[in-house]
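K.L.:
I'd like to ask some things about the structure below.
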Ligand code: FDA
C-alpha cells in the first residue's frame, strides 16, 4: 500500500461527464470535499453532442425494462430512488426550457449547453472542484482510501468514483480507463460492444439502396424476440434511424433483421382487396400509398414486381406480403464505436452494490454511468441511468 499524502479531498471522481458531474454535486451538497478529474480539455462533451445538440436528457416513461444488462435487476433500486421527475425538477429549478418530442422523451428547447451549464453550476454551488486536462497515471490503495498519481502530482482521497464512460466516440475523449481500473481491483468485465449504432450493408444491397440515401420510413424491426416500431433511415453507408439504432443493441454479427415495411397495414388483405377493386394497380402503386415514393419504386424494382395486380395469383401476393412484412436482411456489421451512442457490457454489476454503486468488497470504490454493464434504449434512458447511478454513489461516497 502507498503512503497517504496530504490531500484536501474526501471524494475524487474520474470523468467529468454526465455521471461524474452529477455525482460531484450530490456529494458536494453533503459537505464532502469533492474533486472531479478529466483528461479532456472540456467537461461533458457527450452531453453537448447528445440529442442532435439538444440533449434528450431523460425519458418520463423510463423503467428498468428499458435497460440491457446481464443482471437486469441491478438498475431497479437506483432508478427508483432518482427518477426522471427528480431530474426534471432540477432542470425546472434552473429555468431550462424543454419539450417532449416522442412520448416521454424530454429535450432542451434551446441547446444541450443548458444541461451542461446546469451541472457545472450545481458543482460550483456544492463546492465541487472540476479539474480538466489531467490524466491519472496510477491508482493505489492507502490505509484510508486511494492515492492517485496524476500528470500534475499526487492526490489522495477516501472515496474514489470511476465515471469515465464507455468506448463510444473515441474522438470525444472516450477511453477504456474505467475497465482498466476495474481489472486492477480484480473486478470481472463483461464483453463490450457498440450499441445504438447504425448498420453497414453487404456491397450489393448497399449499392441497391445507395440512391435512396436520406429516405426515411416507419418500420417495425425485429431481432432476437425484440422489436421496435420507429423510423428507419437509409444512409450512404447503410441503415440508421431510431429503429435501427434500437435493434443494434440486440443484434450480433451474423444475425438477420426482419423488417416490416408496412407495420400499420394488413398487407395481404390490402393486396387481395386491391386486386378486386383496382386490378390495374401495381404493387408499387400500393407501396407508394404508404412509403416514400422513391423507396416504393426502388423496392418494387429490387423485388422484380412488375405488372398489374390482376396478373398475380394469391400465392404470389402472399409471397409479396411476406417480403413486405418481413424483409430479411443480414447487415455486414455496424459502424462500431466510431459512431455508437453507447457501449454495451462493461463492469459486471454483480460485484457492485445496487444501493450505492460501490464495489461490494471495497466499499469506497464506486463505478457509475456507462462504464458499468447497464445500457439504456434510445430516448433519454442512458442519461437517466447516468443521473440515477450518480445520485446513488454521490449520496454514499
Ligand atoms: P461520459 O462519456 O458522458 O463521460 C465520461 C467522461 O470521462 C468524459 O468526460 C471523458 O473525457 C472522461 N474520461 C474518459 N477517459 C478518461 C481518462 N482516462 N481519464 C480522465 N477522464 C477520462 N443518451 C441519452 O440519454 N440521450 C441522448 O440524447 C443521447 N445522445 C447521444 C448522442 C451521441 C452522439 C452519443 C455518443 C451518446 C448519446 N447518449 C445519449 C448517450 C450518453 O451520452 C451517455 O450514455 C452518457 O454520456 C454516459 O455518461 P457517463 O458520465 O457515464 O460517460
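K.L.:
Could you tell me whether residue 374 is within 16 Å of the ligand (Cβ to nearest atom) and at negative phi?
P.N.:
yes
K.L.:
Determine which member of the set 319, 306 is surrounded by fewer than 24 Cβ atoms within 10 Å (Cβ to Cβ), at negative phi and in a loop (DSSP other than H, G, I, E, B).
P.N.:
Going through 319, 306 in turn, just one is surrounded by fewer than 24 Cβ atoms within 10 Å (Cβ to Cβ), at negative phi and in a loop (DSSP other than H, G, I, E, B): 306.
K.L.:
Same structure, new question: Would you be able to say whether some residue in the range 15-22 is within 16 Å of the ligand (Cβ to nearest atom), assigned by TED's automatic domain parsing to the domain that holds residue 140 and surrounded by fewer than 24 Cβ atoms within 10 Å (Cβ to Cβ)?
P.N.:
no
K.L.:
When only residues in the range 149-168 that are part of a loop (DSSP other than H, G, I, E, B) and within 19 Å of the chain's Cα centre (by Cα) count, which is nearest to residue 26 (Cα to Cα)?
P.N.:
This residue is 163.
K.L.:
For the range 63-84, check the following and say yes or no: at least one residue is part of a loop (DSSP other than H, G, I, E, B), surrounded by 24 or more Cβ atoms within 10 Å (Cβ to Cβ) and at pLDDT 95 or above.
P.N.:
The answer is no, given that none of the residues of the range 63-84 is part of a loop (DSSP other than H, G, I, E, B), surrounded by 24 or more Cβ atoms within 10 Å (Cβ to Cβ) and at pLDDT 95 or above.
K.L.:
Could you identify the single residue in 317, 302 that is away from the ligand (no atom under 14 Å from the Cβ) and at pLDDT below 95?
P.N.:
When all the criteria are applied, what remains is 302.
K.L.:
Among the residues of the range 181-197, is there at least one that is touching a helix residue (DSSP H, G or I) at 6+ places or on another chain (Cβ under 7 Å), surrounded by 16 or more Cβ atoms within 10 Å (Cβ to Cβ) and farther than 30 Å from residue 366 by Cα?
P.N.:
no
K.L.:
Somewhere in the range 85-100, is a residue crowded, with 21+ Cβ neighbours inside 10 Å and either within 10 Å of the ligand (Cβ to nearest atom) or closer than 24 Å to residue 364 by Cβ (or both)?
P.N.:
no
The values are calculated or read from the model by the stated rules, or taken from the named source; none is laboratory data. Note that the coordinates shown come from a computational prediction; the quantities given were computed from them, not determined experimentally. We place every Cβ from the backbone using ideal geometry, glycine too, and count neighbours over all the protein chains shown.
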